[in-house]
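Please read the structure below before turning to the comments.
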Amino acid sequence: MEMFSAWKALLRRIIRRNEEVELDEELQFHLERQTQENLAQGMESEEARRQARIAFGAMGRARDECRESRPGFWVERLFQDVRYALRGFRRNPVFALTIVATLMLGIGTTTAVFSVVDRILFRSLPYEHADQLVSVGMVHSLETQGFLMGNTYYIWRDNQKPFEEITSEATGPHECDLTEGTPVQLDCEPVEGNFLSTLGITPVLGRNFLPEEARPGGPDVALISYRLWLTHYNLDPKILNKTIQIDGKPVRVIGVLPQSFEMPRLQNVDVLRAIMIDEVADHSANGGYGSPRRVFARLKPGVSLEQAWSAMEPLFHDANKQIPADIRKDIHLSVRSLRDIQTQNVRLMAWVLFGSVISVLLIACANVASLLMARGTSRQRELAVRVALGASKARLFWQTLTETMLLSIAGAVAGYLFAKGLLRLFLALAPARLSFVHKAQLDLRVIGFTLAVSMLCGIFSGLIPALQRPNAELLTGRAEKRMTHASVRQLLVAGQIAAGMILLTVAMLLVRSFRNLDHQQMGIRVDNTVTARVTLGVHKYPELAGQAHFSEAVEDQLRYGPGVSAVAVTDSLPPAPNQNGGRLNQVVVAGKPPVTAGAGEVITSRWVSPGYFPTLEIPILQGRGFSQDEVTSSERPVILNQILAERLFPGQSPLGERMRFGKLDPDSPWYTVIGIAGNVRNSGLTDKTVPEYYLLRRYGSDHWDTHGVWSRTVIFVVRSSAPIETTVQWVHSRITAVDPTLPIDIATMKERVSSLEDQPRFQTVLVSLFAITGLAMAIIGLYGLLSFLVAQREREIGVRMALGATRSNILRLVMGRSLRLIASGTLVGLALSLMVSRMLSHLLFSVGPYDPLSYSLVILLLIFVGLMATLIPARSAISVDPAVTLRSE
Amino acid sequence: MPPSSDLLQGTLDLLILRSLALEPMHGWGIAQRIQQISRDVLQIGQGSLYPALHRLEYRGWIQAEWGESENNRRAKFYSLTKSGKKQLEAELENWERLSSAIALVLKGA
């Protein structure tokens, strides 16, 4: 009702524009009538008018009160304030633009980064009641993501209590080929029949798997991803029940996954297929352990993670008895929320980014507040005049706040547009592996965040100047200009310098860490090397002989390319630890006591052709590399890397020693050590070098398969002096010459190595960007404050100079203040930086969180830039002409 | 200063409504009338009179019309509306009750 009458009154006022005039006329009439009355009582005409005016009181105030008594007044006043503010901005556009630009930078970067980190830190996962979803499994030092072997899984599945539903997917990778038209390599994830229903996912088209489709001998059916549906089938609704060719076999499509669908572990998926679980067969597979799988479950309502863990503990205890005693201690039960699993690697980085932009935002807000305060001080005269004319303090408060809010809104709009551009830049910079970044977008949630941030910033930066009390005494010109606001501004500037210091320190540590990463000795040559990876499909290459034949044919072709100096075939490439591997205590050396159970160190192995060491230029430190003759012989040579050799044979030569791998399998053959290779830093982003051994990959014999699972992945490595593009094209053409249907993943070694650095590069670039933005804003703030202070004290400086102060006295006066600000900001910033960097030590590589070089550089930079910001105001201070000052006194 | 600022807002409204019950009047007239009838005890300053008039007008209790004043000038005349009359009756009743209650308390004390 109140609202209604307010709008009605407003409407009436707009239609009847003369209401103001009428009000004036009415009041004027009153005044005249009173004057007449006074005259009639015999007063002089001057006196009569004076008395009438005294009786009347302040005309302006009466008018204001009349207006304020109208119901729609607040709306009207808002319009008035807005009009007044806009007029002010037009009069001083540089001021308004500076504030809007500062806010744009602050709000824009914050919004863009928020849209990225939102997915990691705050957004719910795209599953129904995602907070109930957990990952269940065993973890150990090799496998921190959690897994269960089949035999354990069946027992747990049938006996568990805390979960509403439990499901699993096969451990990957699961490459498959879409063998229609141009062959495409896809990711085909085999999952249990109830996988999607456990996650709470309904296909956008078609249906989920039926139980019989996940049993052995069931029909070959698949759900395809939205992306595959879009890129390959053009969103054809007739895809349902269509039969597609996967690895040359017909598979019927029964559904399409939602666009937002993602696997619980965020791996890429194009096709979901049902695992054909044959429990009986699986029990005997893999030495009685069954096939490994990743297990996910939905908690029953009201069951917490801890309760679920306790409930599963007895089952884990039983299962643990089957595990070989020597690694039992290393294995733990894990029940973790899905979100935890998904974000473990990037959460810290997300917080770093978020913290950085919040700092930038705070600096921006402080700058805006400082600017507004400076303006407030220079406007004190205007405000004092308005108070003298009868404006109430509340009125001025709202007026000032309106101005600030208008600026914030403009800043928010500009910031939103800026964020849009910035996000595009992020997406261009972001490594492909960080899938969450690529899903970032400026949706309603992010816009809401922007609005909230800009309003908060507006209120924060508007409140301080709005609370300034205009002082009517100023009008007499006698009152000293009060300096209290200047001290608040000094506090803000010191705070900005402190925040800038934190940003710079984090950026500097990341940059130094990244440089170390970039320069670290890989142990291999990365230039002039091209790699090509193919996966031989089960359908086309069912037999070992066929696979071997393919490898041999391609290797032969590659050897005689332009400028080719070496060719290798391998199952895996540095810089990544091979997934095949084991533990140190699974290695048996002939004639030596077994390695004790406590030494559960991870070792990895690779199957390589004789060309491997020369191609990657890995030095053979002792003995020799594999020879071409050994490929066809029945010898079983092994080459150890330096670390493994030192572990197993400390202080002696391992050449000629015999060893066996896989302690669990007593039938495994003996290998003879023929050489020691240099260490290769395979763990990529960490300092550690892992013990490794190399086995010979052969053709035409099944010797190489006795050790483990033959990987269908074949990687060709070619070193050539020809231009790299030529080599890439040539390698590609040679492989297609042997088999034109195979999808080929081809890359230079440099690309592979540098892709490892994508994530650190991304965070380093971003944080540095924010640090530079923050520093620039802090410096602008310092500069603005000092210029303002100098301008304010111009008269004082002039008097001082007239009284004999030298220029260096004056310089000391101005610079001293600046230095004090820089010093106090730096000190506070230093203390905070030390705390922050300690939390970030996980992100750092070969740099301590208290790296003295980084800190000294940052402090020097701050002082240098701070002094630069001081120079111009200081120059204008010493160029004050005392004569001019004295004349104006 | 006259006691106008001490007048309760509701009381001022009541006085205005009561004055207008007799005939339409302009603002100055209302102030004069109240002053005369109260034998110069109540002097209504314009500072509070006009906001009150505007308030009452927006509430719909009085209405305004431009007319000719006693000295042949254009002036704004206020008159009671229907709901204004009702309001006056209700407020008078309220006032009676309140003042007799206060009188009782004062006598009894």
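The values are calculated or read from the model by the stated rules, or taken from the named source; none is laboratory data. Since the model is a prediction, treat every value here as computed from it, not as a measurement. Note that we place each Cβ from the backbone using ideal geometry, even for glycine, and neighbour counts take in every protein chain shown. These area figures cover heavy atoms from the full protein model, side chains too; ligands, DNA and RNA do not enter into them. Shrake-Rupley method; radii C 1.70, N 1.55, O 1.52, S 1.80 Å.
The residues of region B:52-65 that are at the interface with another protein chain (Cβ under 8 Å from one of its Cβ atoms) and open to solvent by 10 Å² or more (accessible area, probe 1.4 Å), listed by number, are B:Arg55, B:Tyr58. Just one of the listed residues (A:Ile639, A:Ile618, A:Ile676) is open to solvent by less than 50 Å² (accessible area, probe 1.4 Å) and in a loop (DSSP other than H, G, I, E, B), namely A:Ile618. The number of residues in region B:68-91 that are within 14 Å of another protein chain (Cβ to nearest Cβ) and surrounded by 14 or more Cβ atoms within 10 Å (Cβ to Cβ) comes to 6. So for region A:111-126 (the condition being modelled with pLDDT of 90 or more and either within 27 Å of A:Thr343 (Cα to Cα) or surrounded by fewer than 22 Cβ atoms within 10 Å (Cβ to Cβ) (or both)), does at least one residue qualify? The answer is no; no qualifying residue exists.
Against the condition free of Cβ contacts under 8 Å to residues at least 40 places away in the same chain, open to solvent by 90 Å² or more (accessible area, probe 1.4 Å) and not β-branched (Val, Ile, Thr), how does B:Asn94 come out, does it pass? Criteria not met by B:Asn94. Is there a residue in region A:707-715 that is modelled with pLDDT under 85 and aromatic (Phe, Trp, Tyr)? The answer is yes, given that some residue of region A:707-715 is modelled with pLDDT under 85 and aromatic (Phe, Trp, Tyr).
Filtered by the rule that a residue be of a type in the set (D, E, K, R) and open to solvent by less than 50 Å² (accessible area, probe 1.4 Å), region A:363-385 gives A:Arg375, A:Arg379. Taking the listed residues A:Val303, A:Val280, the one that is in contact with a Pro (Cβ under 6 Å, 6 or more places away or on another chain), surrounded by fewer than 19 Cβ atoms within 10 Å (Cβ to Cβ) and not small (Gly, Ala, Ser) is A:Val303, with no other qualifying. Residues in region A:193-208 that are out of contact with any Lys or Arg (no Cβ under 9 Å at 6 or more places or on another chain) and in contact (Cβ under 8 Å) with a residue 60 or more places away in the chain: A:Phe195, A:Leu196, A:Ile201.
Taken together, A:Pro237, A:Pro258 contain a single residue that is over 20 Å from A:Pro183 (Cα atoms), of a type outside the set (Asp, Glu) and within 28 Å of the chain's Cα centre (by Cα), which is A:Pro258. If you check A:Arg265, A:Arg273, A:Arg252 for being in contact with a Pro (Cβ under 7 Å, 6 or more places away or on another chain), under 22 Å from A:Gly137 (Cβ atoms), open to solvent by 20 Å² or more (accessible area, probe 1.4 Å) and of a type outside the set (Asp, Glu), only one passes: A:Arg273.
The helices (runs of 4 or more DSSP H) located wholly in region A:216-335 that include 2 or more residues which are modelled with pLDDT of 90 or more occupy A:226-233, A:305-320.
State whether one or more residues within region B:23-38 are in a strand (DSSP E or B), within 13 Å of chain A (Cβ to nearest Cβ) and hydrophobic (A, V, I, L, M, F, W, C). Yes. For region B:39-48, the criterion of being under 18 Å from A:Leu23 (Cβ atoms), part of a helix (DSSP H, G or I), touching a Gly at 6+ places or on another chain (Cβ under 7 Å) and not small (Gly, Ala, Ser) is met by at least one residue.
Quick grid of which residues meet (1) surrounded by fewer than 16 Cβ atoms within 10 Å (Cβ to Cβ); (2) in a helix (DSSP H, G or I); (3) in contact with a helix residue (DSSP H, G or I) (Cβ under 9 Å, 6 or more places away or on another chain):
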residue	(1), (2), (3)
A:Glu725	yes, yes, no
A:Thr736	yes, yes, no
A:Val753	no, yes, no
A:Val767	no, yes, yes
A:Met777	no, yes, yes
A:Leu782	no, yes, yes
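Applying the selection to region A:818-845, what residues are under 20 Å from A:Ile779 (Cα atoms) and touching a helix residue (DSSP H, G or I) at 6+ places or on another chain (Cβ under 7 Å)? Those that are under 20 Å from A:Ile779 (Cα atoms) and touching a helix residue (DSSP H, G or I) at 6+ places or on another chain (Cβ under 7 Å): A:Ser818, A:Leu821, A:Ile822, A:Ser824, A:Gly825, A:Thr826, A:Val828, A:Gly829, A:Leu830, A:Leu832, A:Ser833.
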